[in-house]
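A quick write-up on the structure given underneath.
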Protein chains: 2
Amino acid sequence: MKVVIVGGVAAGPKAASKIIRLNPEADVTIVEKDKYLSYAGCGLPYYVSGEVKEQKELMCTPVGVVRDPVFFRKVKNVHVLTETEAMEIDRKGKRLRIKQLADHQEKWLDYDKLVLATGAHPIMPPLPGHDLENIFTLHGVHDAEAIKSLLAEDKARDVVIIGGGLIGVEITEALTHKGCRVTIVEKFPQIFRMLDWEIAKLVAQHMETKGVKIITDTEVKAFKGQGEVKEVVTDQGTLPADMVIMAVGVRPQIKLAQDAGLDIGEWKAIKVNAQMRTSDPDIYAAGDCVESIDRLTGKSCYMPMGSTANKHGRVAANNICGHEDSFPGVLGSTICKVFDFSVARTGLTESAAKEMGREVVTVMAPAPDKAHFMSNAKPLLLKLVVDKENRKLLGAQATGPGDADKRLDVVAMALMSGWTVDQLANADLCYAPPYAPAMDNIITAANVARNKLDGYMEGVTAREVHQMLAEKKEFIFLDVRSPAEYEEVRLPGSTLIPLGALRGRLKELPADTEIIAFCKISLRGYEAALILKAAGYQNVRVMDGGVVMWPYEKIK
Amino acid sequence: MKVVIVGGVAAGPKAASKIIRLNPEADVTIVEKDKYLSYAGCGLPYYVSGEVKEQKELMCTPVGVVRDPVFFRKVKNVHVLTETEAMEIDRKGKRLRIKQLADHQEKWLDYDKLVLATGAHPIMPPLPGHDLENIFTLHGVHDAEAIKSLLAEDKARDVVIIGGGLIGVEITEALTHKGCRVTIVEKFPQIFRMLDWEIAKLVAQHMETKGVKIITDTEVKAFKGQGEVKEVVTDQGTLPADMVIMAVGVRPQIKLAQDAGLDIGEWKAIKVNAQMRTSDPDIYAAGDCVESIDRLTGKSCYMPMGSTANKHGRVAANNICGHEDSFPGVLGSTICKVFDFSVARTGLTESAAKEMGREVVTVMAPAPDKAHFMSNAKPLLLKLVVDKENRKLLGAQATGPGDADKRLDVVAMALMSGWTVDQLANADLCYAPPYAPAMDNIITAANVARNKLDGYMEGVTAREVHQMLAEKKEFIFLDVRSPAEYEEVRLPGSTLIPLGALRGRLKELPADTEIIAFCKISLRGYEAALILKAAGYQNVRVMDGGVVMWPYEKIK
């Protein structure tokens, strides 16, 4: 069996290795345009920052063996043609035309099965001046090297990052560590559009404490400079820039597939079925060039991820070798390190769920991520989105210095099994003080959701409260923290009655005015609301997330 | 509604708080024998070590409010009677006889519903000399204070811990940090009987590198000393001891329930249904005094855990207040920090599964817990136990310095949903280099299980190989690592042929002798086995876990 694989970064080499393992007689060839093979693209920001010392490390196996063509030949019995471009698929003749970039020599490779793992390429909008020097994307090793050499020459003091998504933020952190003054320019009203607004805002605030400038609702119009870029012109003014990194997203590489007449999906990526087979039964596709299915909605989606690419490669290989296997789709599970914070998401955001017409209950649950008396405990800010109708989880988001990855992986597992918050609340997770609170953050969050669903707690978002304050609506914004906490930091328009004193000071609170109670994390706020309700107050709500998750100005 | 709750540590206060939240009119009283209330028992080892500075921290809410009787009264409207013992339940009269310890005054408390949250007490075998001074258990704050004052006086140089379970190991770490010479005496052939032998052995080796002495298969016969303990007499000899800590397990406190004629289960804990109701419909029980159901086997089990106690309390409260709720049982999810290692388990061990008659496939998957090129990546040693018949997960264990909690929580979620390894292998977990490898450890482990289940990989345990070496069986113990790795450390009886050279050196390997291939983690070992099989070798196996998980002597 002759298998030709186009693309040598993630899904391609994975498929090649697995095919050979299943079928040692197979004749497998990888065609890769670049000179580098099988490198960890997700590691590029860490190579720029210096966290990863040598380029080679991105191309090694975990035990330090470089995955170069010799390795693939000797260890895996896979042929690799680097610096070779796949030009054309002859589906009828079952052959692929390739061109060696060094000498422009062309030839045809026959295949029984073809795998397209052509990946994605970063979008470079054709703005005036976009071909000036020192305007980069961060896609391949070449880009990282170019950025590094500019840093080494100390020629990149002011850097403008266009786009506040994952790549934009990861490279922002890397460049800030390198001493650059970084400004992120984002077209939309928030960075991290994978998150709900208020979570993204908390992340943005953290980035600002690290000296990053974030400009939202701003569109880039042009680049200016003489040879090298010197300015970024936006609809809100001009920014100085010694270097610009375009991080406005990627586009699946589908030209080869499209020219061959293969089906392309609504996201302009290659359409595949669960077996990773394209519309041609002898052609498979995998990795960043294909669409996936959203496991929650059943709809097609485009979510390029290194983790997904590897799974795709294995599924394609199994099916090519005659072992039925299928890829069940994705949840959009995503995580990113942003200075001292983690930022993570899985499933649907509140806004995405509402756009789909779901009625949701949301929970903001900030708490220490370990037993609070342990010195390694760090705050973790968690948001759950729950379907009001069937009590099932729809998604979660997390940020803060605490362990977000663990909690979001647990939610991802719950989402894949269609769990309700009631099921999640009784999950038997590993507990000891150095790892989690006795009631894990995710279990507490699930219980808060249950309290809301059952009508014991009525929440109000910080956004709504902020709006009410702006509109000078009449309500009591009741802070039930201690006087010491109040002295340290407080929210505008708030009144302090510490929780312990509340029962004795009820007469200070008029019976007919709405009361919105809160505390640091709104657990005492919840207790206060219960006390007030028990005392006959009808109109009491709790502000979700408390002071910790208030995404606006605080009074210090 | 009058609710009386016996026990004020975890399940009791949880139930009390929840009842008041659901029914602010309820009259709730907690009866607690001790003077301390609602403290974090799991934090005691960290209070002994000094990680937790003040006793008070163990009794605070996460925002620093001490949960004392005044707090319960003012904030929660719950009456608390400390230093008060529950003496007798009059089920017919629905009342509880209590005794104030200060003045021995007795009285009856009426109840509509009674909650028994009497906890467990540590087992103290009545060995000769067990009442000598400086022999402790680690159960309450009193114990921790007594241990701490002995440490403060520098009177505990040699410490013997009896029992190598969770508490024994946690206090071992605390005392080692305090400069004590600690010896663990374990009656059984291994410490951590919640783990399979070889995983427990890897943990024991780590503890030994920290100066801890571990003596297994050894029974304590007596304690000797004059007033204060000075020696521990075992069936293997005598050990010096300035302090002894008994950590041989706990026993549920059931006297009150038993005297009242409530059903007691096979584990000698209070029998409850899923609603946490005892055999008396007006009496509930929760926490360390009750049996649970094992979610995997459906059998009753006794697994006292602070995390479970809190869930029990909530379920009991819901049912008491007329809201149907049920506790689904436990998996035995457990984690513990042991110096630089984590040790974790969820579900069944290999030995437990085999005892139950299941045919299993096991996987040893050691790998970095983050992208291997990140400086925060640490080794994580993972074991999966899979049902051979239906490919479902049965359990997992983990140790090493890497993030074990996250992976075991993911497995726990998979176990609760009855997942197969095929489902787990395609889980969409959060990926970025600072958090996980592109193929998460747990996904790689699931794929190794699939390879084994599908017959592509035949594994052999280190234990079996060690046995074969001892019996001088004829086989080639083929190390396929690099010469540099081989120089650094190697296994007895092994032959080196680096993987890259294997195809060219096949003639050195006789066709009719069994070959057992391995490498550092046995990924290259697997590649080698595939190469050998493709070359016609019939009798090839891969040693699970490689050099990293070899639990015997290595040659350095």
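The values are calculated or read from the model by the stated rules, or taken from the named source; none is laboratory data. What you see is a predicted model; the values in this text were computed from it and never measured. Don't worry about glycine lacking a Cβ; one is built from the backbone with ideal geometry, like all the others, and counts go over all protein chains shown.
Key figures
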quantity: Elements of type helices (runs of 4 or more DSSP H) in the range B:365-460, at least 1 residues being away from chain A (no Cβ under 11 Å) and touching a strand residue (DSSP E or B) at 6+ places or on another chain (Cβ under 7 Å); calculated: B:421-425, B:441-453
quantity: Top-ranked residue of the range A:301-326 - restricted to ones that are among the aliphatic types (A, V, I, L, M) and outside any helix (DSSP H, G or I), ranked as surrounded by the most Cβ atoms within 10 Å (Cβ to Cβ); calculated: A:305
quantity: Subset of the range A:19-39 that is part of a helix (DSSP H, G or I) and surrounded by 24 or more Cβ atoms within 10 Å (Cβ to Cβ) - its residue that is nearest to the other protein chains (Cβ to nearest Cβ); calculated: A:20
quantity: The range A:407-452: number of residues that are more than 25 Å from the chain's Cα centre (by Cα), more than 26 Å from residue B:40 (Cα to Cα) and aliphatic (A, V, I, L, M); calculated: 0
quantity: Test: residue in the range B:500-513 that is under 27 Å from residue B:201 (Cα atoms) and at pLDDT 95 or above; calculated: no
quantity: The range B:450-469, subset among the aliphatic types (A, V, I, L, M) and out of contact with any Lys or Arg (no Cβ under 8 Å at 6 or more places or on another chain), residue farthest from residue B:197 (Cα to Cα); calculated: B:457
quantity: Matching residues, the range B:40-83, being small (Gly, Ala, Ser), closer than 22 Å to residue B:169 by Cβ and in a loop (DSSP other than H, G, I, E, B); calculated: B:40, B:50
quantity: Qualifying position, being farther than 30 Å from residue A:461 by Cβ, at pLDDT 95 or above and not in a loop (DSSP other than H, G, I, E, B), among A:175, A:202; calculated: A:175
quantity: Number of positions in the range B:275-300 that are among the small types (Gly, Ala, Ser) and surrounded by fewer than 24 Cβ atoms within 10 Å (Cβ to Cβ); calculated: 3
quantity: Identity of the residue in the range B:40-77, at the interface with chain A (Cβ under 9 Å from one of its Cβ atoms) and among the hydroxyl-bearing types (Ser, Thr, Tyr), that ends up surrounded by the fewest Cβ atoms within 10 Å (Cβ to Cβ); calculated: B:61
quantity: Every residue from the range A:469-493 that is free of Cβ contacts under 8 Å to residues at least 24 places away in the same chain and either assigned to a helix (DSSP H, G or I) or crowded, with 16+ Cβ neighbours inside 10 Å (or both); calculated: A:470, A:482, A:483, A:484, A:486, A:487
quantity: Some residue of the range B:260-274 being part of a loop (DSSP other than H, G, I, E, B) and buried (at least 21 other Cβ atoms within 10 Å of the Cβ); calculated: yes
quantity: Members of the range B:89-119 that are among the hydrophobic types (A, V, I, L, M, F, W, C) and within 20 Å of residue B:279 (Cα to Cα); calculated: B:89, B:96, B:114, B:115, B:116, B:117
quantity: Residues located in the range B:114-136, provided they are outside any strand (DSSP E or B) and surrounded by 21 or more Cβ atoms within 10 Å (Cβ to Cβ); calculated: B:117, B:118, B:119, B:134
quantity: Filtered residues of the range B:159-192 (kept if crowded, with 18+ Cβ neighbours inside 10 Å and among the charged types (D, E, K, R)); calculated: B:170, B:173, B:178, B:186
quantity: Residue list for the range B:327-348, filter: closer than 14 Å to residue B:380 by Cα and in a loop (DSSP other than H, G, I, E, B); calculated: B:340
quantity: Those residues of the range A:524-552 which are without any contact (Cβ under 8 Å) to a residue 60 or more places away in the chain and among the aliphatic types (A, V, I, L, M), in sequence order; calculated: A:528, A:531, A:532, A:534, A:535
quantity: Selection within the range B:275-293 - small (Gly, Ala, Ser), touching a residue at least 60 places away in the same chain (Cβ under 8 Å) and in a loop (DSSP other than H, G, I, E, B); calculated: B:286, B:287
quantity: Qualifying residues in the range B:513-527 (those that are assigned to a helix (DSSP H, G or I) and at the interface with chain A (Cβ under 9 Å from one of its Cβ atoms)) - the one farthest from residue A:77 (Cα to Cα); calculated: B:523
